[in-house]
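K.L.:
My structure is below; once you've seen it, I'll send some questions.
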Amino acid sequence: MVIDQFVCSSCGKQYQPGQVKYTCPQDAGNLDVILDYEGLQNKLDPEVILRSNETSIWRYADLLPVQDPGFERTPLHQVGMTPIYESELLARELGIKKLFIKDESRNPSASFKDRASAVVMAHALQIHSKAVVAASTGNAGAATACMATCLGLSAIIIAPRSAPKAKIAQLLVYGAQVILVDGNYDQAFDLSIEASREFGWYNRNTGFNPFTVEGKKTAAFEIWEQLLVSRSNKNETFAIFIPVGDGNIITGIHKGFSDLLSLGWIDKIPRLVGVQAIGSAAIANAFSTGSDHIIPVNARTIADSIAVDLPRDGFRALRAVRQTGGTYITVDDHAILQAIKDLGRVGIFAEPAGATAFAGLKKACHEKLIPPDEQVIVINTGSGLKDINASLESLPFPPIIEPTINSLRKVIR
């Protein structure tokens, strides 16, 4: 194991491996996993990773605090190494130097959340857990159920009754026990914590289980490989636009680049820009006031995956942006729906939460927040097939015609 210690992100208290399981016993702060960077520097050559034939997150097994569980011929070994596309069309329209889009919809359960779930399920296997529980609006639950069934683990998913049906269908198909609560995500989250204590289930929740960040950081490793190394962009300036709900994804990407910096494999961390829906902007609100105190909101947005009243990883999400010279941007639902259409024009079908990052980039360009020499990476965190009703809200429904050529002539564009 490469874990040196756990450190509370709030109070700074240090813990040795085995002393803690979820959050800081002293103040319930989220725990940072600190690797043995000196030991890794002495034994690990980055060229080994760059030459690896493994095409999943497990190519970074030496930088993860869990062992590769194997199961090579399952979806567990298809997580990660998602493509990065370059869009000259959208870059030209926005007036920026270069635009790259990392499409996380290509993961096995079609969202970014597979990264965290793969690592958490691997850890569950190591500690001999038989059942894993998660609160989710859909994506984290689907990822948990998908990865759990690969490893023969039981998954219990507690979701708001308002979760999109497509996401509930995924949970059921993967064999999870699904419980819908007559409440929101935050209430489902609290119930899952209570259930972990009551029934002994291992809890996968983001902003609670420290290993979720360790899975999500692998996206930063891939960006390092796909852009900073392979394209000889080491001296270029990058900004990464990331949709933010509970804050765990932007925290994970920051952690990945921080690991690379600690190893001496990069000289600087890209500027991180968090994008929140106006109706669910607790972290952005705190950032705008310069505060570390996050005040809960009554979340209302079409982007269900980032609809959170009280972000459970808000403090570290603030830290990620502040330490990299980034910022937070808020966008309304209309801008999110328009961003879905924009990404569709370059062959990417994003769900509302995934499109939020591109909506934030459009706003940043309008407000001239992007320096002319800065390249931009946008993270699409999930497939539009997760929530087709949201996409259809902003699109005209196709005409229905008689099956004749004359009828066709009347409607073709």
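Computed from the coordinates by the stated procedures, all read-outs in this text should not be read as laboratory data. Small disclaimer: the values here were computed from a predicted structure and weren't measured. So basically every Cβ, Gly included, is an ideal-geometry build from the backbone, and we count neighbours across all protein chains shown.
K.L.:
Work out the count of Lys pairs in the range 327-413 where the Cα-Cα distance is under 29 Å, with the pair 8 or more places apart or on different chains.
P.N.:
Value for the range 327-413: 7.
K.L.:
Let me ask another. Would you work out the Kirkwood radius for the range 203-302? I mean one over the mean of 1/r across all pairs of different Cα atoms, in Å.
P.N.:
14.9 Å
K.L.:
Still on this structure: Quickly estimate the mean residue ellipticity at 222 nm for the chain, helices only: each DSSP H run with n ≥ 4 gives -39500 (n - 2.57), and the total goes over all residues, rounded to 500.
P.N.:
Calculated mean residue ellipticity at 222 nm is -11000 deg cm²/dmol.
K.L.:
Further, regarding this structure: Of the peptides 307-317, 145-155, how do they stack up when ordered by the mean number of other Cβ atoms within 10 Å, highest first?
P.N.:
So the order, starting with the most tightly packed, is 307-317, 145-155.
K.L.:
Between the alpha-carbon centers of the range 233-280 and the range 14-71, tell me the distance in whole angstrom.
P.N.:
Centre-to-centre distance over Cα atoms comes out at 18 Å.
K.L.:
Distance check, please: which entries in Lys13/Lys268; Lys113/Lys165; Lys102/Lys217 exceed 20 angstrom between their Cα atoms?
P.N.:
In this structure, Lys13/Lys268 exceed 20 Å between Cα atoms.
K.L.:
Also, quick follow-up: If eta is 1.567 mPa s and T is 4 °C, what Stokes-Einstein diffusion coefficient results for the range 134-289, Kirkwood Rh from Cα pairs, in µm²/s?
P.N.:
75 µm²/s
K.L.:
Here's something else I'd like to know. Once you place label points 7 Å from the Cα toward the Cβ at Arg322 and Ser288, how far apart are they in nm?
P.N.:
In this crude spin-label approximation the distance works out to 1.8 nm.
K.L.:
Across the range 49-130, what fraction of all alpha-carbon pairs, as a whole percent, falls in each successive 5 Å bin from zero upward?
P.N.:
Using 5 Å bins, I get a P(r) of 3, 14, 19, 19, 16, 10, 8, 6, 3, 2, 0 for the range 49-130.
K.L.:
Sort the following peptides by mean Cβ neighbour count (other Cβ atoms within 10 Å, averaged over residues), highest first: 270-280, 167-177, 243-253.
P.N.:
243-253, 270-280, 167-177
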